[in-house]
Amino acid sequence: MDILLNFIHSGAVGNFTFGNLIMLVVGCVFIWLAITKDYEPLLLVPIGFGVLVGNIPFSEGMNIGVYEGGSVLSILYQGVSQGFYPPLIFLGIGAMTDFSSMLSNPRLILLGAAAQAGIFITFFGSVLLGFSNEHAAAIGIIGGADGPTAIFLSSKLAPEYLGPIAIAAYSYMALVPVIQPPIIKLLTSREERLIRMKPSKPVSKRLKIIFPIVAFMVTAFIAPGSITLLGMMFFGNVLKESGVTERLANTARNALIDIVTILLGFTVGTSTDATRFLTPDSIKIFALGAGSFCVATACGIIFAKLMNVFCKDKINPIIGAAGVSAVPDSARVCQNVGAHEDPNNFLIMHAMAPNVAGVIGSAVAAGIFLSTFSG
């Protein structure tokens, strides 16, 4: 009987809490959204199942949990807590990114820059709510809808909030098709949504090779804190565009990024133990993250409308929403919203310009925060 009681006490039944039940439901909802709604399944399935693994309770000392040093999960989680999964993700992103749309119409870069206003607005809002400057900076990056960047910065400035920030960032990335369309329709008229933009101009191979090299040096001088992320991203792009390292580029954009995405998503999910995750600060982080993402989307749209006041060649303001870093989901959303008004209006290639500019912009913002508040 003593053995049976000890078994019950050390197992899930003896340690189960209502918080664990809530998180198990959240994990199931993530998996359901990924499978039935096709919301970022490559992210939500690993994260959702990780949430299930992380919320089956057990007694301390079994050396199996993500927060127990030496356990397998703890070792895998070091890629998140030490911040070396995000640069590998950026390497893969760079190897699959085509900057042609941005280079053929450079003015659209401004839309990606404008969308980063949500990051800085949320930073000040977080400070007003009582978060420290370091924590507020990590929370603000959620508005960029860039999970790897949010993880990288929070691992440096706010490790105690790494779980909530990572889950919030990836959740809003997955919910881009739900969040952005209402904001686009609220801020634009039907006439604006019907604007057709001129086809993109062709970009030379030489320019596509030179751009990542020059862009890295420029952004690194502006924000040295972004060297790790943007260095890997532009390096991956050079592998792709050079034409002589296709084998390396193919590995980076396929096998490598898939492996890292699995490990990152799963271990982030396992870090959401209810006792550490369900706190008042976590709720504030989710609320601030949602506000940041909405503000970033709105800033991109409003800036596009402002540019139309001065530009002869009008910009469809829908593509301003793509200024957040959720590549390529935001661009797809812009295409779908535009096609709903005019099925023959193809916006996706135009939207990819602010979309990839937003990736660079959020990494630069993270670099600015890291340079300002680290040490």
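Hey, with R₀ at 22 Å, roughly what FRET efficiency would Ala339 and Phe310 work out to, going by the Cβ-Cβ distance, to 0.05? Numbers along the way, then the final one.
On the way: r = 28 Å, r/R0 = 1.25.
Efficiency computed from Cβ-Cβ geometry: 0.20.
As a test of understanding, state the convex hull volume per residue of the stretch 323-375 from its alpha carbons, in Å³.
Convex hull volume per residue, Cα atoms: 54 Å³.
If you bin every alpha carbon distance in the stretch 168-260 into 5 Å steps from zero, what whole percent lands in each bin?
Percent of pairs per bin, in order: 2, 10, 12, 12, 14, 16, 17, 13, 4, 0.
Quick one: what does P(r) look like for the stretch 113-191 with 5 Å bins over all Cα pairs, in whole %?
Calculated over all Cα pairs of the stretch 113-191, the distribution is 3, 17, 22, 24, 16, 10, 5, 2, 1, 0 percent.
Once all Cα-Cα distances of the chain are split into 10 Å bins that start at 0, what whole-number percent is in each one?
5, 24, 32, 24, 10, 4, 1, 0, 0
Calculate the spin-label point distance for Val25 paired with Val178, positioning each point 7 Å from the Cα along the beta-carbon direction, and give it in nanometres.
Here the answer is 1.5 nm between the modelled labels.
In what order do Val29, Val45 fall by count of nearby beta-carbon atoms within 10 Å, going from fewest to most?
Neighbour counts put them in this order, fewest first: Val29, Val45.
Need the full-extension length gain, Ser71 to Ile222, defined as separation in residues times 0.36 nm minus the C-alpha distance. One decimal, nm.
Length difference between fully extended and current span is 50.4 nm.
222 nm [θ] for the chain, helices only, -39500 (n - 2.57) per DSSP H run of 4+, per residue, to 500?
-22500 deg cm²/dmol, from helical runs alone.
Calculate, axis by axis, the spread of Cα positions in the stretch 206-297 along the three principal axes, and write the results as whole Å, longest axis first.
Between the extreme Cα coordinates on each principal axis of the stretch 206-297 lie 52, 31, 24 Å.
How long are the semi-axes of the ellipsoid equivalent to the stretch 145-300, from square roots of 5 times the Cα gyration tensor eigenvalues, in whole Å, largest first?
They are 31, 26, 15 Å, listed from largest to smallest.
In which sequence would Thr372, Thr272, Thr36 go, from the one with the fewest C-beta neighbours within 10 Å to the one with the most?
Least to most surrounded, the residues fall as Thr36, Thr372, Thr272.
Residue by residue through the stretch 167-184, what is 3J(HN,Hα) from phi via Karplus (6.51 cos²θ - 1.76 cosθ + 1.60, θ = phi - 60°)? Round to whole Hz and write x for glycine and proline.
Couplings: 5, 5, 4, 6, 5, 6, 4, 5, 9, 3, x, 8, 7, 6, x, x, 5, 4 Hz.
Between the helical axis of 348-373 and the dominant principal axis of the chain, each derived from Cα atoms, what acute angle in degrees is found, rounded to the nearest 10?
It is inclined by approximately 60 degrees.
Among the listed pairs Lys205/Lys305; Lys208/Lys314; Lys205/Lys312; Lys198/Lys312; Lys185/Lys305; Lys201/Lys305, give every one whose C-alpha distance is greater than 21 Å.
The answer is Lys205/Lys305; Lys208/Lys314; Lys205/Lys312; Lys201/Lys305.
What distance in nm separates the two pseudo spin-label positions at Glu60 and Leu186, each 7 Å out from Cα along the beta-carbon direction?
Taking the two extended label points, one gets 4.5 nm.
Distance between Cα centroids, the stretch 341-375 to the stretch 146-224: provide it in whole Å.
For the stretch 341-375 versus the stretch 146-224, the Cα centre distance is 3 Å.
Based only on other Cβ atoms within 10 Å, what is the fewest-to-most ordering of Lys185, Lys156, Lys198?
Values: Lys185 15, Lys156 21, Lys198 10.
By the 10 Å Cβ count, ascending, the order reads Lys198, Lys185, Lys156.
Please report the Cα spread of the stretch 23-98 along all three principal axes, rounded to whole Å, starting with the longest.
49, 31, 12
Tell me, what is a quarter of the convex hull surface for the C-alpha atoms of the stretch 92-156, in nm² with one decimal? Write down the numbers at each step before the final one.
On the way: hull surface 20.4 nm².
Here the figure is 5.1 nm², rounded to one decimal.
Throughout, read-outs are computed from the coordinates displayed, never taken from laboratory work. Because the structure is a prediction, the values reported are computed rather than measured. Cβ: placed from backbone, ideal geometry, glycine included. Neighbour counts: every protein chain shown.
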